[in-house]
Amino acid sequence: MIRVQREDFDVGAEIERLSRGRPGIGGIVSFVGVVRGAAGGEQIGAMTLEHYPGMTEKLLAEIEAEARQRWPLEDALVIHRYGRLEPGERIVLVITAAAHRQAAFEACEFLVDWLKTKAPFWKLEETPSGPRWVEARASDDQATKRWVAE
Amino acid sequence: MKLLYFAWLRAKIGIAEETVELPAGVATVGALLDWLKRRGPGFADALRDASVVRVAVNQTYVPWDHPIKAGDEVALFPPVTGG
């Protein structure tokens with residue numbers, strides 16, 4: 001399941017909803033991405049996440065399907081927010097549930113790596129020296145590539 | 001053909017989307033970018049370095065030699081920074 005939304009999410013409630021009444025689940029891993037208060041030595045007042053409606057949902061669904069194909073997951077959830085977010089606010093939630101922890105850990109990391117380099121989102125940071133578009137990081141590309149090598 | 005621009009490409013070009021007639025002789029994504037570059041200073045500035053431009057046709061990432069046709073939705077944007 002994937003969701004792209006402006007509103008915040010409740011991590012505990014999402015885990016509860018995903019796992020309730022599912023006896024096949026033995027391990028649940030969650031990742032929460034939040035807005036940092038500083039980047040490159042500069043303070044961040046807030047950031048605005050822009051996305052490509054339609055393609056974002058399509059890409060996230062493809063990434064989730066890929067994870068389910070690679071690992072024996074009981075369930076998976078990706079929620080990604082857009083709009084203006086202040087430091088400390090949640091941006092993204094990835095939950096993976098499996099019978100055993102290894103699949104849940106690996107699939108969660110895979111999903112986060114892939115959505116960072118594939119999902120059409122862009123971040124505009126508000127800094128004391130003016131607005132600044134966040135540049136893609138080579139380290140994120142490297143993180144994604146290791147899943148291809150396997 | 002529908003053209004969409006995102007993030008700093010949109011800021012430099014000055015519009016988020018437009019509908020254009022597919023120009024004669026433009027059959028690939030690469031040819032479309034060359035044609036767009038000549039449409040004005042904003043386009044030329046935004047598309048100067050093709051290595052930081054990503055293209056999606058009908059919401060799928062494509063390489064420069066991908067064919068395009070009338071009715072396609074073509075989106076141009078910088079490398080993504082989600083998560």
Original post:
For segment A:63-91, how many residues are surrounded by fewer than 18 Cβ atoms within 10 Å (Cβ to Cβ) and over 22 Å from A:GLN102 (Cα atoms)?
Top reply: 7
Original post:
Only one of (1) away from chain B (no Cβ under 14 Å); (2) on the phi > 0 side of the Ramachandran plot fails for A:GLY83. Which number is that?
Top reply: (1)
**OP:** Filter segment A:6-33 for residues that are among the hydrophobic types (A, V, I, L, M, F, W, C) and not in a loop (DSSP other than H, G, I, E, B) and give the result.
**Re:** A:VAL11, A:ALA13, A:ILE15, A:LEU18, A:ILE28, A:VAL29, A:PHE31, A:VAL32
**OP:** Would you mind finding the one in B:LEU4, B:LEU9 that is in a helix (DSSP H, G or I), in contact (Cβ under 8 Å) with a residue 24 or more places away in the chain and within 28 Å of A:ILE63 (Cα to Cα)?
**Re:** B:LEU9
Original post:
Got a sec? Which of A:LYS145, A:LYS123, A:LYS116 is surrounded by 18 or more Cβ atoms within 10 Å (Cβ to Cβ) and either in a helix (DSSP H, G or I) or without any contact (Cβ under 8 Å) to a residue 60 or more places away in the chain (or both)?
Top reply: A:LYS116
Original post:
Any idea how many residues of segment B:55-73 are part of a loop (DSSP other than H, G, I, E, B) and either within 15 Å of B:TYR5 (Cα to Cα) or within 11 Å of another protein chain (Cβ to nearest Cβ) (or both)?
Top reply: 3
Subject >> Residue satisfying all of: in segment A:34-61; in a loop (DSSP other than H, G, I, E, B) and more than 9 Å from chain B (Cβ to nearest Cβ); farthest from the chain's Cα centre (by Cα) among these >> reply: A:GLY41
Original post:
Would you say A:ALA76 is more than 14 Å from the chain's Cα centre (by Cα) and in contact (Cβ under 8 Å) with a residue 60 or more places away in the chain?
Top reply: no
Subject >> Selection status of B:LEU76, within 11 Å of another protein chain (Cβ to nearest Cβ), among the hydrophobic types (A, V, I, L, M, F, W, C), buried (at least 16 other Cβ atoms within 10 Å of the Cβ) and assigned to a strand (DSSP E or B) >> reply: yes
Subject >> Meets criteria (within 14 Å of another protein chain (Cβ to nearest Cβ) and at pLDDT below 95) for B:VAL52 >> reply: yes
Original post:
Hey, among B:LEU3, B:LEU36, which residue is within 14 Å of chain A (Cβ to nearest Cβ) and over 30 Å from A:VAL94 (Cα atoms)?
Top reply: B:LEU3
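The values are calculated or read from the model by the stated rules, or taken from the named source; none is laboratory data. Please read all numbers here as calculations on a predicted model, not as lab measurements. In this analysis, Cβ positions are derived from the backbone assuming ideal geometry, glycine residues included, and neighbour counts consider all displayed protein chains.
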